[in-house]
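Everything on this sheet refers to the single structure shown next.
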Amino acid sequence: MTALLYLEKFASAILTPPGLFILILLVIAVILIKKGEERRTKITGIVMIILCFFAYLLSTGFGTHLYLQPLENSYSVPRTVSGQAIVVLSSGIIISPEGQVLDNHTIARLSKAHEIHLQTKLPIIVTGSFMPGRSTSTVAELMRDWLLDHGVASARVIVEPRAQTTWENARYASDICSQFNWSNVVLVTSAVHMKRAVSSFEKFGLRVTPFPTDYMYDHTKLSYVDFLPNQGALNANLAALHEYFGQLRYLFKSP
């Protein structure tokens, strides 16, 4: 039974994307190297093999140890929470057949902020504008509605509806904090996003207690399944790459 399970896992990994695409490209690369008569063709095959290797890393749990986990381990969950307000960063909206709904990342962040609010009674700032290229409500408004539906008093929720980037989240949230003379906030966002978010908020003069949540992939010791391509690992590693590029973009930004 165990051998059959291993075989099913392996077959699923190589017969469905992204593993299937990597396998096809690898086969083409080998053919180019072996059958190609021109030097240029062989070089193309070698380049394709190199690209397949990086695509493989991006698609595996092994790759998450290289790309994702260094970001998600940047901050640990604090044992005690201190601050004057909770700031929750938005992720996005999905326009479903039933209307506009918050995506799973935003809901995970809100759930953690709600949990912290129940413990501390701190006010909650929700920040996020409409989705670029879409005619939608602002994410912050839907976040407010989610919190109200879960029993948070409307007077304890502050809506910031303009921010479309992490940098603007920090900018506009800091403006709100200055109005209330708040200088220390509890920042809630996905763990992979936390490092860039903390850096942005600190550049606007706020002291930040990071509270990471919404971890995107297993934090376990490596096993055989971590060397098999899968969509979950690919999505997590692509999110990590997005953050690395975001950090580079923000490196020299200043208020």
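The values are calculated or read from the model by the stated rules, or taken from the named source; none is laboratory data. Remember, it's a predicted structure, so these values are computed and weren't measured experimentally. For neighbour counting, all protein chains shown are included, and Cβ atoms are generated from backbone atoms with ideal geometry for every residue, glycine included. Note: accessible area is taken over every heavy atom of the protein model, side chains too, but ligands, DNA and RNA are not part of it. Shrake-Rupley method; radii C 1.70, N 1.55, O 1.52, S 1.80 Å.
Sorted by average packing, counted as other Cβ atoms within 10 angstrom per residue and highest first, what order do 27-34, 229-236 take?
Highest to lowest by the protection proxy: 229-236, 27-34.
On each of the three principal axes of the Cα atoms of the range 1-121, give max minus min coordinate, whole Å, ordered largest first.
71, 37, 37
Rounded to the nearest 5, what is the percent of antiparallel bridges among the DSSP beta bridges in the range 1-140?
About 50 percent, rounded to the nearest 5.
Taking the Cα centroid of the range 238-255 and of the range 1-24, what is the distance between the two, rounded to the nearest whole Å?
34 Å
Rank PRO97, PRO17, PRO123 by mean-square fluctuation in a GNM of the chain with C-alpha springs under 10 angstrom and give only the top-ranked residue.
The residue with the greatest mean-square fluctuation here is PRO97.
Please report the projected area of the chain's Cα convex hull averaged over all directions, in nm².
Average projection, Cα convex hull of the chain: 18.5 nm².
Per the 1.4 Å probe, what fraction of the accessible area of the range 158-240, in percent, lies on carbon and sulfur atoms?
Exposed carbon and sulfur together represent 50 percent of the surface.
Can you grab the distance from the C-alpha centre of the range 95-116 to the C-alpha centre of the range 165-219, Å, no decimals?
18 Å
Can you tell me the Rg and Dmax of the range 116-221, counting just the alpha carbons, in angstroms?
14.3, 47
What is the magnitude of the charge dipole of the chain about its Cα centre, with +1 placed on the Cβ of each Lys and Arg, -1 on the Cβ of each Asp and Glu, and no other charges, expressed in debye to the nearest 20?
700 debye
Of LYS121/LYS203; LYS9/LYS35; LYS195/LYS253, which sit over 24 Å apart, Cα to Cα?
LYS121/LYS203; LYS9/LYS35
Nearest 5 is fine: what % of DSSP beta bridges in the range 82-181 come out antiparallel, could you say?
35 percent
Fully extended, how many nm does the chain gain between SER254 and LYS121 (0.36 nm per residue separation, minus their Cα-Cα distance)?
Length gained between SER254 and LYS121: 44.6 nm.
Where the accessible area of the range 1-156 is counted over protein heavy atoms with a 1.4 Å probe, how much of it, in %, is carbon and sulfur?
62 percent
Under a crude label model (7 Å from the Cα following the beta-carbon direction), how far is ILE28 from SER111 in nanometres?
So the two model labels end up 4.0 nm from each other.
Restricting the count to DSSP beta bridges whose residues both fall in the chain, what percent are antiparallel, rounded to a multiple of 5?
Here the antiparallel bridges make up roughly 15 percent for the chain.
Based on the Cα atoms of the range 70-128, what semi-axes does the equivalent ellipsoid have, where each is the square root of 5 times one gyration tensor eigenvalue, given in whole Å with the largest first?
Each semi-axis is √(5λ); the values are 24, 16, 9 Å.
Report the residue, chosen from ALA155, ALA85, ALA197, that carries the largest GNM mean-square fluctuation when the chain is represented by alpha-carbon nodes joined by springs under 10 Å.
Maximum among the listed residues: ALA155.
Say we join alpha carbon atoms closer than 10 Å with springs in a Gaussian network model of the chain; which of THR120, THR220, THR209 then has the biggest fluctuation?
THR220
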